[in-house]
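One structure is given here, and the rest of the page talks about it.
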Amino acid sequence: MFAAGTVVISRAGHDCGRAMMVVRIDGDFIFVADGKERKLDKPKKKNQKHVQATNRVINPDGLTDRKLRRTLRELFGQDSALQESE
């Protein structure tokens, strides 16, 4: 279901609604980074149930925090936090 480089949206926790990229997978958990709050060298451990996969994939080879922030900004607008529609 998830692979390194998959862009996901957090659905639970203090980062709810934020777009992030999967860095690695460990059993039922994934490690995600957004390049700002969570850097690539210290990704956030999240339960797979608490994120929603998108159809977007970022090539993780040679990726830096700066490039990740820029890519997420290009995909989702000014901020990687998505606006929830009511």
Tally, over the stretch 16-52, of residues that are in contact (Cβ under 8 Å) with a residue 60 or more places away in the chain and of a type outside the set (A, V, I, L, M): 2
Listing of strands (runs of 3 or more DSSP E) fully contained in the chain that carry 1 or more residues being more than 10 Å from the chain's Cα centre (by Cα) and at pLDDT 90 or above: 19-26, 29-33, 44-47, 51-57
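The values are calculated or read from the model by the stated rules, or taken from the named source; none is laboratory data. Since we're looking at a predicted model, the values are computed, not measured. FYI the Cβ positions are ideal-geometry reconstructions off the backbone, even for glycines, and counts take in every protein chain you see.
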